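The values are calculated or read from the model by the stated rules, or taken from the named source; none is laboratory data. In this text, all values refer to a predicted model and were calculated from it rather than measured experimentally. A quick note on method: Cβ atoms are made from the backbone with ideal geometry, for glycine too, and the neighbour counts reach across all protein chains shown.
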Amino acid sequence: MTQILDALPTQHPNRILCSYHNPSSDLQIARISNISHWYFERVVFPGDWLLFEAVAEATLEIYSCDGITTLLTDHIPCDHLQIATPTSSTVLRSMK
């Protein structure tokens, strides 16, 4: 299935690669809504990982679903979820 996503705003050049893990036994919804002209929302199943690109100023909101109710359970700054990415020079050295 093709999924069309809203592109990150071009006025924010400081994009980072982030990762979030749902350690609970409940379905969660991960949402970023504090960046103007951009909206991000994904379902994260129990035990699953979410890999996404965001801007450093973004905040990931976590909503937990227990079947009947959905509650906002956490606010996480995306710069705390940033994962290290290899630099191009490291990649080039490892290819030799």
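Can you tell me which residues in segment 53-70 are out of contact with any helix residue (DSSP H, G or I) (no Cβ under 6 Å at 6 or more places or on another chain) and within 17 Å of Pro13 (Cα to Cα)?
Glu53, Val55, Glu57, Thr59
Looking for something of a type in the set (Asp, Glu) and modelled with pLDDT of 95 or more - is there at least one such residue anywhere in segment 23-39?
So far as segment 23-39 goes, no, none of its residues is of a type in the set (Asp, Glu) and modelled with pLDDT of 95 or more.
If you go through segment 46-88, how many residues are under 15 Å from the mean Cα position of the chain (by Cα), under 18 Å from Pro23 (Cβ atoms) and of a type in the set (Ser, Thr, Tyr)?
1
Could you tell me whether Thr73 is in contact with a helix residue (DSSP H, G or I) (Cβ under 8 Å, 6 or more places away or on another chain), among the hydroxyl-bearing types (Ser, Thr, Tyr), surrounded by 10 or more Cβ atoms within 10 Å (Cβ to Cβ) and modelled with pLDDT of 90 or more?
In short, no.
Return only the number of the condition from (1) within 25 Å of Ala84 (Cβ to Cβ); (2) at pLDDT 90 or above; (3) exposed (fewer than 11 other Cβ atoms within 10 Å of the Cβ) that Pro13 does not satisfy.
Among (1) within 25 Å of Ala84 (Cβ to Cβ); (2) at pLDDT 90 or above; (3) exposed (fewer than 11 other Cβ atoms within 10 Å of the Cβ), Pro13 violates only (2).
For the list (1) within 19 Å of Asp79 (Cα to Cα); (2) modelled with pLDDT of 90 or more, I need the number of the one condition that Phe45 fails.
Going through (1) within 19 Å of Asp79 (Cα to Cα); (2) modelled with pLDDT of 90 or more one by one, Phe45 breaks only (1).
For segment 54-61, state whether one or more residues are at pLDDT 95 or above, part of a strand (DSSP E or B) and out of contact with any Phe, Trp or Tyr (no Cβ under 9 Å at 6 or more places or on another chain).
There is at least one residue in segment 54-61 that is at pLDDT 95 or above, part of a strand (DSSP E or B) and out of contact with any Phe, Trp or Tyr (no Cβ under 9 Å at 6 or more places or on another chain).
In segment 42-52, how many are within 20 Å of Arg15 (Cα to Cα) and surrounded by 13 or more Cβ atoms within 10 Å (Cβ to Cβ)?
The qualifying residues number 3.
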